[in-house]
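Below is one structure, written out as structure tokens; the observations come after it.
The values are calculated or read from the model by the stated rules, or taken from the named source; none is laboratory data. Keep in mind that this is a model prediction, so the values were computed, not measured. We place every Cβ from the backbone using ideal geometry, glycine too, and count neighbours over all the protein chains shown.
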Amino acid sequence: MKTFLTFLGGWIAAAVATTALGVLFQTQNVIARLNGIGADIGWSERLSMSAYDLLRLGSLYILFVGIATLVAYLAGLLVYRLASFGRWVVFAVAGAVALFVMLMLMKQAFFGVHLIAGARDVAGIGFQMLAGALGGLVFAGLTRPARRRA
């Protein structure tokens, strides 16, 4: 039971971290593109838009991220058990791949339209994958097995 609760807590924390980072990366990517076409967006607007997106987009995005990372972390556990090394790398890659696959499946399900505006270009997808990788590191850290004493 303790192992299950550790997994559950790590997964939830990682999903929250991944979602928060993904939403913030998404928002800043959109703002950067708006600035690129001449919009003048100051720091107060950046903060306001980020907070708005965290609350609004984040509340829906976490559902997708949660499902994607659950599948990825379960697969990562299997890979780690077979390999017996590289825990940090396995879960960072699992998180990054989870976000990439999730974004591509969302695009397929919604008639070829990227629902996450900040992930409509290579850089945006890369930042979402970075958010997934960082979330994977959170998961790896929180679910790390206790060291055995000799």
Starting from segment 91-108, keep only residues that are within 15 Å of LEU134 (Cβ to Cβ), then list their pairs with residues that are outside any helix (DSSP H, G or I) and of a type in the set (A, V, I, L, M, F, W, C) whose Cβ atoms are within a distance under 6 Å, requiring at least 6 positions of separation or different chains.
none
Out of the residues in segment 46-58 that are among the charged types (D, E, K, R) and surrounded by 13 or more Cβ atoms within 10 Å (Cβ to Cβ), state the one that is nearest to the chain's Cα centre (by Cα).
ASP53
THR27: under 11 Å from the mean Cα position of the chain (by Cα), in contact (Cβ under 8 Å) with a residue 40 or more places away in the chain and closer than 19 Å to MET129 by Cβ, yes or no?
no
For residues that are surrounded by fewer than 18 Cβ atoms within 10 Å (Cβ to Cβ) and either modelled with pLDDT under 90 or assigned to a loop (DSSP other than H, G, I, E, B) (or both), tally how many sit in segment 109-150.
15
All-but-one check, PHE91 against (1) exposed (fewer than 13 other Cβ atoms within 10 Å of the Cβ); (2) in a helix (DSSP H, G or I), failing number (1)
Checking the structure you have, find out if any residue of segment 7-23 is in a helix (DSSP H, G or I), hydroxyl-bearing (Ser, Thr, Tyr), surrounded by 14 or more Cβ atoms within 10 Å (Cβ to Cβ) and modelled with pLDDT under 95.
no
Mind checking which pairs have a first residue in segment 59-84 that is surrounded by 11 or more Cβ atoms within 10 Å (Cβ to Cβ) and a second that is among the charged types (D, E, K, R) and part of a helix (DSSP H, G or I), Cβ under 6 Å, 6 or more apart or different chains?
TYR80/ARG87
